[in-house]
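Here is the structure we will look at, set down as structure tokens.
The values are calculated or read from the model by the stated rules, or taken from the named source; none is laboratory data. Nothing here was measured: the structure is a model prediction, and the numbers come from that model. Using ideal geometry, Cβ is built from the backbone for each residue, glycine included, and neighbour counts are taken over all protein chains shown.
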Amino acid sequence: MKVIKPDKKRFSDWALPKIQHGKPTKYGWMVHHPKNLKLGKFTDIGAFSYLNALYEIEIEEYAQFGSHCSVYSYSSIDQKKGKVYIGRNVRIGSHTTIMPGIKIGENSIVGANSFVTCDIPKNSFFAGSPAKLIKELYE
């Protein structure tokens with residue numbers, strides 16, 4: 001499977017939305033602890049997604065998320081915590097959950113409805129619950 005290049009034309013009028021703690025952005029996604037969120041240019045986060053950045057979330061440019069995704073830097077269920085890093089040009093399918101301390105390498109794809117509990121290397125396609133390697137991607 002080939003790496004998908006960013007669609008730069010699609011993001012020609014991109015602007016950082018106003019992000020307030022616990023309030024939906026104009027695109028319908030929400031962040032807790034926005035001061036700990038590093039959001040790269042040209043990112044696209046789907047409606048009804050939730051980001052808990054208590055222990056930091058960094059999302060590089062051109063990352064795309066489907067709707068209803070959840071990204072946690074802290075889990076109150078098992079007390080796990082840690083920075084979540086999502087690399088450049090990563091694509092996350094709808095209804096995916098990413099747990100604390102996870103790193104997703106550039107150009108990777110995570111299939112819809114996945115539960116990410118381990119790091120994902122660059123140029124990889126992971127899917128499932130828990131997410132597992134499906135295929136390596138090439139440029």
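Going by the structure shown, is Gly46 in contact with a Gly (Cβ under 8 Å, 6 or more places away or on another chain) and of a type in the set (Gly, Ala, Ser)?
Values: in contact with a Gly (Cβ under 8 Å, 6 or more places away or on another chain): yes; of a type in the set (Gly, Ala, Ser): yes.
For Gly46, the condition - in contact with a Gly (Cβ under 8 Å, 6 or more places away or on another chain) and of a type in the set (Gly, Ala, Ser) - is met.
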Worksheet item: Do we find a residue being within 18 Å of Asn52 (Cα to Cα) and of a type in the set (Phe, Trp, Tyr) anywhere in region 131-138?
Response: no
Fill in: From Ile104, Ile109, Ile92, residue being hydrophobic (A, V, I, L, M, F, W, C), in contact (Cβ under 8 Å) with a residue 40 or more places away in the chain and within 18 Å of Met1 (Cβ to Cβ)
Ile109
Worksheet item: Within region 81-139, restricting attention to residues that are more than 12 Å from the chain's Cα centre (by Cα) and of a type in the set (Asp, Glu), which residue is surrounded by the fewest Cβ atoms within 10 Å (Cβ to Cβ)?
Response: Glu139
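Can you name every one of the strands (runs of 3 or more DSSP E) wholly within region 70-131 that holds 1 or more residues which are on the phi > 0 side of the Ramachandran plot? Show your work before the answer.
Values: elements: 70-72, 84-86, 124-128.
Counting at least 1 such residues, we get 124-128.
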Worksheet item: When you go through Lys35, Lys26, Lys41 one by one, which is the residue that is out of contact with any Ser or Thr (no Cβ under 8 Å at 6 or more places or on another chain), over 20 Å from Pro121 (Cα atoms) and part of a helix (DSSP H, G or I)?
Response: Lys35
Fill in: Number of the exception - Lys38 against (1) surrounded by fewer than 17 Cβ atoms within 10 Å (Cβ to Cβ); (2) in contact with a Lys or Arg (Cβ under 7 Å, 6 or more places away or on another chain); (3) within 21 Å of Glu106 (Cα to Cα)
(2)
Practice prompt. Starting from region 113-136, keep only residues that are more than 12 Å from Thr97 (Cα to Cα), then list their pairs with residues that are among the β-branched types (Val, Ile, Thr) and at pLDDT below 95 whose Cβ atoms are within a distance under 8 Å, requiring at least 6 positions of separation or different chains.
Written response: Asn123/Val3
Item to complete: Give the residue that is nearest to Glu136 (Cα to Cα), with candidates limited to residues of region 1-18 that are in contact with a Phe, Trp or Tyr (Cβ under 9 Å, 6 or more places away or on another chain) and surrounded by 12 or more Cβ atoms within 10 Å (Cβ to Cβ).
Response: Met1
